[in-house]
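Scroll down for the structure; my scribbles are underneath it.
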There are 2 protein chains.
Amino acid sequence: MIKRTISAILFSAFAFFSGFAQSDDSLMIKKIADEILLNGKASENLYTLCKSVGTRLSGSAGMYKAEAWGLKVLLEAGAEKAYLQQCMVPHWVRGKKEYAGYQTKKRSSDPEFDVLAIGNSVGTGEKGVLAQVIEVKNFAELNQRKEEVKGKIVFYNYPFNKTLLRGAYGDAVRYRSNGASMAAKYGALAVIVRSVTAAYDDNPHTGALRYNDSFPKIPALAISTKGAEKLSGFIKGIYKEENLFIRSNCEMLPDTIGHNVIGEIKGTEFPDEIITIGGHLDSWDQGEGASDDGTGLVQSIEILRTFKAIGYKPKRTIRIVLFANEENGLRGGTKYAEEAKLKNEKHIMAMESDGGAEYPRGFGCGMTKEQFAKVQGWTKFFEPFDANRFTFSEGGGGGADIGPLQTTFKTAQFGLSTTGQRYFDVHHSAIDVFEKVNTQELNLCAVVMASMVYLVDKYGL
Amino acid sequence: MIKRTISAILFSAFAFFSGFAQSDDSLMIKKIADEILLNGKASENLYTLCKSVGTRLSGSAGMYKAEAWGLKVLLEAGAEKAYLQQCMVPHWVRGKKEYAGYQTKKRSSDPEFDVLAIGNSVGTGEKGVLAQVIEVKNFAELNQRKEEVKGKIVFYNYPFNKTLLRGAYGDAVRYRSNGASMAAKYGALAVIVRSVTAAYDDNPHTGALRYNDSFPKIPALAISTKGAEKLSGFIKGIYKEENLFIRSNCEMLPDTIGHNVIGEIKGTEFPDEIITIGGHLDSWDQGEGASDDGTGLVQSIEILRTFKAIGYKPKRTIRIVLFANEENGLRGGTKYAEEAKLKNEKHIMAMESDGGAEYPRGFGCGMTKEQFAKVQGWTKFFEPFDANRFTFSEGGGGGADIGPLQTTFKTAQFGLSTTGQRYFDVHHSAIDVFEKVNTQELNLCAVVMASMVYLVDKYGL
């Protein structure tokens, strides 16, 4: 491209700010934006988290390193105090690398598959499971063919529906979350689940499952999308009658001690009114937990840093919370709301970012109609950033970690919403790394988050 | 992230299509979307272009390979005919790898810098240029300090203004385009220009310059953004009094033969009314020309393939044009409009994609007010894809290659507009490669382009 088209010119934030009545708020929001876009530290913080801490599953050594990182960056960003809030967290360990493959030795080489144990699942142990594979497209087919399931490995080959644009994850994740117990109900020995991702590659994507206590706990593996196609081909073809061998050594250990990491600036006018902003500190044990949810952490911390840098002193108390154990227990979010209730705190707003750092489009708003009307009145401030898409759900949630605040206090919820087409390519996999995050998009997310926090802090909700 | 937030659910295209009155048009657009999102070939075509053809600067061997690739994929996609339209193109060659560094030998090692000759520029030749560097922030500073420039290398260290969001390229590219002649006017021997990119890394970004014939043609180099900071530091520090040595072997050879590559489906009702859709076939000689403009090519071709696949027979003639020589001459776009005029063709609409394949947001619309009102009436069809942002410029352009059609026929212009924050990170550099393009976003762009073409084809403009 040699020159910008008309849309580029019309669509520039600069033009907006020039034409716009220069209210105090629009000037303050421009200050926030300039600070973050020109001097932002989110990318630098994400780099140290990804490269010096790395993965940080609950109970792992990485979790403790991440907590120390969190305290340090919160203080550096300008928190008046930073502290740990203890909570017990589950301690699931993957153990030795998983295996799935045919071992018939009838041919020069039998196929093997890229797999990862699904989080929270039991392992097969060293002895493994050797059984025929029954492939089903979905639960309906499983139910239809329930008589065939006993003694077999159920393979859920449900594709990520790319036509849903924003609903595909919720649609497909059922097989990872519930597939093991659904199959165990009919006597399956184990399950293999197609990775919940739009990407077509060799990376298996892990994530949590939940066992239904009414049925036996059976091992569960995620298989890469290419692996799923390969396995599907083999079991329809020359390996139709053969047994697949799978092995996983994961196990759930006793709960251990973890922490929410909290950084705070006390409000100047209404110190008892609390605004909570956060992401989750834990990550799966693949890649670097960059987009899930390193980005949510560094965006939240950036709000604190920016307010300090531009000299904005919040009227209300701002708390940045790096929540423990979102991925496989939600113990951090639960604990945070419990403690708040015990202390009789007043939580007026909570914001969460846990969908990566793609180009921001606005917020999912879980609040009252009256509160939403107020938020909609601020739409103009988000237009220059093209982040004016506010979706409303009365009393709905804005994210997993701030959900318990909603349940406990009816705290107004803001969930950052982005374009969201790339997140699930990397999510819970080996390629969830720093290099996949674009600095400008990361910063733009922080700009719109900080702007909304500024407005709620100034005007209440 | 363990579950989707409310915004995800409310924001799903599926919900839209379910709730929406199922008009023929919304059903057809859903068909288009499903075909592209589930069976799209754009990514596969981009892969072969990037990996088998590679770079394809005008006059290079790659250009001819790309033309052959274009004819093949257009026919595979279902063009009734595919043909070449000859035009003369400039033939600039880079020659041996460029060099910039201090060679004082006063220390154990002198610094060197990542540079690339700027396209169309003259080279220094083997003898190089050895001169002091004068750093200026912008043209204003150059003019102020014009007395100091003579016999020196001018270093434009103008940063990409990240706060402009969509105007930063146009703002900064002046130094690459015009900087050489502006400095030559005051007697500079050569210029070094900070790369026009938001990225902070070691990749220099090339691109075209235009010499002003009133002044001597002097060599011009692009320096990476990290390199620019490093050079700036050295010339303020220990290399203040030293001469920098630069060398480039690029040169402009005589014009040579190139071609627009055109694929066509004849209209069933109004075959004389032509809809032109395209991107440019040439690329700079760095990376693979994936986002600039491989994506524009494969998106355009995908429209043809999709219409065939779903059995839609256009009323009007659809022409996919892979334009020659956008980057350093615009000869292809110019030739296409000239030929159209000679043949007295009727061009009712032209669409261009030349800004990469990020998440689509809509179109820049260069047309009459009446035409734009009609386009706005179709907004609802673009809402499910979040691509309903139509910006208007009466008689304005939609892109470089279709600009001459506008000038010649007042043809209505559509320039694809995307979120556009990542494009300039890779643009004209070694990292403009296939791997930087997200398949789902690429396909979504094709969906919104095909949908608009469908509507204009059906209803006219």
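The values are calculated or read from the model by the stated rules, or taken from the named source; none is laboratory data. Because the structure is a prediction, the values reported are computed rather than measured. As a convention, Cβ positions derive from the backbone with ideal geometry for all residues, glycine included, and neighbour counts pool all protein chains shown.
Can you name every one of the strands (runs of 3 or more DSSP E) wholly within the range B:213-288 that holds 2 or more residues which are within 30 Å of residue B:405 (Cβ to Cβ), in contact (Cβ under 8 Å) with a residue 12 or more places away in the chain and assigned by TED's automatic domain parsing to the domain that holds residue B:321? In the range B:213-288, B:251-265, B:270-280 are the strands (runs of 3 or more DSSP E) which contain 2 or more residues that are within 30 Å of residue B:405 (Cβ to Cβ), in contact (Cβ under 8 Å) with a residue 12 or more places away in the chain and assigned by TED's automatic domain parsing to the domain that holds residue B:321.
Taken over the range B:341-351, the residue count meeting the criterion of being over 18 Å from the mean Cα position of the chain (by Cα), surrounded by 22 or more Cβ atoms within 10 Å (Cβ to Cβ) and within 18 Å of residue B:85 (Cα to Cα) is 1. Close Cβ contacts (under 8 Å, 6 or more residues apart or on different chains) running from residues in the range B:352-367 that are without any contact (Cβ under 8 Å) to a residue 60 or more places away in the chain to residues that are surrounded by fewer than 24 Cβ atoms within 10 Å (Cβ to Cβ) and of a type in the set (Lys, Arg) comprise B:361/B:389.
Conditions (1) of a type in the set (Val, Ile, Thr); (2) modelled with pLDDT under 95; (3) in the same structural domain as residue B:224 (by TED's automatic domain parsing); (4) surrounded by fewer than 20 Cβ atoms within 10 Å (Cβ to Cβ), marked per residue:
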position: B:337; (1), (2), (3), (4): no, no, no, no
position: B:353; (1), (2), (3), (4): no, no, no, no
position: B:379; (1), (2), (3), (4): yes, no, no, yes
position: B:385; (1), (2), (3), (4): no, no, no, no
position: B:404; (1), (2), (3), (4): no, no, no, no
position: B:418; (1), (2), (3), (4): yes, no, no, no
position: B:422; (1), (2), (3), (4): no, no, no, no
position: B:439; (1), (2), (3), (4): yes, no, no, no
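Quick one: would you say residue B:446 is of a type in the set (A, V, I, L, M), more than 26 Å from residue A:383 (Cβ to Cβ) and more than 8 Å from chain A (Cβ to nearest Cβ)? Yes: the conditions hold for residue B:446. When the range B:125-137 is filtered for residues that are surrounded by fewer than 16 Cβ atoms within 10 Å (Cβ to Cβ) and within 31 Å of the chain's Cα centre (by Cα), the ones remaining, listed by number, are B:125, B:137. A count restricted to the range A:272-311 and to residues that are among the charged types (D, E, K, R), farther than 17 Å from residue A:207 by Cβ and surrounded by fewer than 24 Cβ atoms within 10 Å (Cβ to Cβ) stands at 3. Among the residues of the range B:102-121, those that are more than 20 Å from residue B:56 (Cα to Cα) and either aromatic (Phe, Trp, Tyr) or crowded, with 16+ Cβ neighbours inside 10 Å (or both) comprise B:102, B:110, B:111, B:113, B:114, B:115. Regarding residue B:366, is this residue at pLDDT below 95 and crowded, with 24+ Cβ neighbours inside 10 Å? The answer is no for residue B:366.
When restricted to residues that are in a loop (DSSP other than H, G, I, E, B) and of a type in the set (A, V, I, L, M, F, W, C), the range B:296-343 contains 2.
One residue alone among B:392, B:414 is free of Cβ contacts under 8 Å to residues at least 60 places away in the same chain and closer than 25 Å to residue A:361 by Cβ, and that residue is B:392.
On the basis of being away from chain B (no Cβ under 14 Å), touching a residue at least 12 places away in the same chain (Cβ under 8 Å) and in a helix (DSSP H, G or I), does residue A:87 make the cut? Here the answer is no, as residue A:87 does not meet what is asked.
Scanning the range A:49-66 for residues that are among the basic types (Lys, Arg) and assigned to a helix (DSSP H, G or I) yields a count of 2. Number of residues in the range A:395-426 that are closer than 28 Å to residue A:342 by Cα, in contact with a Ser or Thr (Cβ under 6 Å, 6 or more places away or on another chain) and more than 10 Å from chain B (Cβ to nearest Cβ): the value is 2. Residues in the range A:230-242: is at least one under 22 Å from residue A:200 (Cα atoms), touching a strand residue (DSSP E or B) at 6+ places or on another chain (Cβ under 7 Å) and crowded, with 22+ Cβ neighbours inside 10 Å? For the range A:230-242, residues under 22 Å from residue A:200 (Cα atoms), touching a strand residue (DSSP E or B) at 6+ places or on another chain (Cβ under 7 Å) and crowded, with 22+ Cβ neighbours inside 10 Å: present. Scanning the range B:74-84 for residues that are surrounded by 15 or more Cβ atoms within 10 Å (Cβ to Cβ) and assigned to a strand (DSSP E or B) turns up B:82, B:84. Given the criteria in contact (Cβ under 8 Å) with a residue 12 or more places away in the chain, outside the structural domain of residue A:422 (by TED's automatic domain parsing) and under 19 Å from the mean Cα position of the chain (by Cα), does residue A:188 qualify? No: the conditions fail for residue A:188. Flag not set for residue B:400, criterion: over 18 Å from the mean Cα position of the chain (by Cα), part of a loop (DSSP other than H, G, I, E, B), buried (at least 19 other Cβ atoms within 10 Å of the Cβ) and not β-branched (Val, Ile, Thr). Please go through the range B:264-314 and give me each residue that is out of contact with any strand residue (DSSP E or B) (no Cβ under 6 Å at 6 or more places or on another chain) and of a type in the set (Ser, Thr, Tyr), ordered by number. Listed by number, the residues that qualify are B:268, B:283, B:291, B:295, B:306, B:312.
Each row is one residue, and each column tells you yes or no for (1) under 23 Å from residue A:175 (Cα atoms); (2) within 14 Å of another protein chain (Cβ to nearest Cβ).
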site	(1), (2)
A:239	no, no
A:247	yes, no
A:252	yes, no
A:265	no, no
A:284	yes, yes
A:289	yes, yes
A:303	no, no
A:323	no, yes
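Listed conditions (1) within 14 Å of another protein chain (Cβ to nearest Cβ); (2) among the polar types (S, T, N, Q); (3) under 18 Å from residue B:240 (Cα atoms) are all met by residue B:157, apart from (1). The set of residues from the range A:165-180 being crowded, with 19+ Cβ neighbours inside 10 Å, of a type outside the set (Ser, Thr, Tyr), within 9 Å of another protein chain (Cβ to nearest Cβ) and on the phi < 0 side of the Ramachandran plot comprises A:166, A:167, A:168, A:173.
Only one of these is buried (at least 21 other Cβ atoms within 10 Å of the Cβ), small (Gly, Ala, Ser) and modelled with pLDDT of 95 or more: B:54, B:59. Name it. Before the answer, list the steps.
Details: B:54 fails: buried (at least 21 other Cβ atoms within 10 Å of the Cβ).
Among B:54, B:59, only B:59 is buried (at least 21 other Cβ atoms within 10 Å of the Cβ), small (Gly, Ala, Ser) and modelled with pLDDT of 95 or more.
All conditions in (1) modelled with pLDDT of 95 or more; (2) touching a helix residue (DSSP H, G or I) at 6+ places or on another chain (Cβ under 8 Å) hold for residue B:13, with the sole exception of (1). Checking each residue in the range A:417-441 for being over 17 Å from residue A:363 (Cβ atoms) and assigned to a helix (DSSP H, G or I) picks out A:424, A:425, A:426, A:434, A:435, A:436, A:439, A:440.
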